[in-house]
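Asks: Supplied in structure tokens, the structure appears directly below.
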Amino acid sequence: MQASLSAKKITEIYDTYHQPIYRFIYRRVGDVDTARDLTADVFRKLVEAVRKALPIENVSAWLYRTAHNTVVDFYRRQKFRRHMPIEDKMMATQNPMDAAERRMDAEIVRQTITKLTPDQQAVISLKFLQGLSNAETAEILDKPVTAVKSLQHRALAALQRHLTRATEGAS
């Protein structure tokens, strides 16, 4: 990306990526105000990078990597970890009993995801909630594709182990 980006081009980037970046951050922090603040910080960093003429090859990857790093920094400053919310639309249903059961299941998954490493959480979020490919996820996390595949495999195995224990304990 060129340092001489026009205000119009930056506005187009913002319009295109604001909601996906916000959702990515919200899933990691679970708080609307915090997600808004961190999303604003990501786009502030974009403007600073453009002003400093820093090279940005892939805007999407740069924004997601910056969002990931911003969330990691946020948690380092907080010295505690919070849950990663699952989208409410996953739980939409007409039957109240089904809705209650899905909410309980989602809470178990949410609690289980917090047991994963930050990189594993990021891979799960980017791959399964954002729908990105291994290559896109690797670029965002600044890791080789093989590392992303390994993180995904370990994260899914850990989720399966924890969820199996949780459902066996509920029986």
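Asks: Yes or no: segment 118-125 includes at least one residue that is free of Cβ contacts under 8 Å to residues at least 24 places away in the same chain, surrounded by fewer than 16 Cβ atoms within 10 Å (Cβ to Cβ) and assigned to a helix (DSSP H, G or I). Write out each step before concluding.
Replies: As a first pass, look at segment 118-125 and keep what is free of Cβ contacts under 8 Å to residues at least 24 places away in the same chain: none.
Within segment 118-125, not a single residue is free of Cβ contacts under 8 Å to residues at least 24 places away in the same chain, surrounded by fewer than 16 Cβ atoms within 10 Å (Cβ to Cβ) and assigned to a helix (DSSP H, G or I).
Asks: Taking the stated definitions as given, is Asp119 at pLDDT 85 or above, in contact with a Leu (Cβ under 6 Å, 6 or more places away or on another chain) and among the acidic types (Asp, Glu)? Spell out the reasoning first.
Replies: Numbers: at pLDDT 85 or above: yes; in contact with a Leu (Cβ under 6 Å, 6 or more places away or on another chain): yes; among the acidic types (Asp, Glu): yes.
The answer is yes for Asp119.
Asks: Taking the condition of being among the small types (Gly, Ala, Ser), at pLDDT 90 or above and over 18 Å from Ile13 (Cβ atoms), how many residues in segment 25-55 meet it? Give the derivation first.
Replies: Step one: filter segment 25-55 for residues among the small types (Gly, Ala, Ser), giving 30, 35, 40, 49, 53.
Checking the rest, the ones that are also at pLDDT 90 or above come to 35, 40.
Cutting the leftovers down to over 18 Å from Ile13 (Cβ atoms) gives us 35.
Residues flagged as among the small types (Gly, Ala, Ser), at pLDDT 90 or above and over 18 Å from Ile13 (Cβ atoms) within segment 25-55 amount to 1.
Asks: Output the residue which, of all residues in segment 132-171 that are of a type in the set (Ser, Thr, Tyr) and outside any helix (DSSP H, G or I), is modelled with the highest pLDDT.
Replies: First pass over segment 132-171, keeping only residues of a type in the set (Ser, Thr, Tyr): 133, 137, 146, 150, 164, 167, 171.
The next check asks that each one be outside any helix (DSSP H, G or I); those that pass are 133, 171.
On the way: Ser133: 88, Ser171: 55.
Taking the candidates together, the pick is Ser133.
The values are calculated or read from the model by the stated rules, or taken from the named source; none is laboratory data. Worth saying up front: this structure is predicted, and the values here are computed from it rather than measured. Note that we place each Cβ from the backbone using ideal geometry, even for glycine, and neighbour counts take in every protein chain shown.
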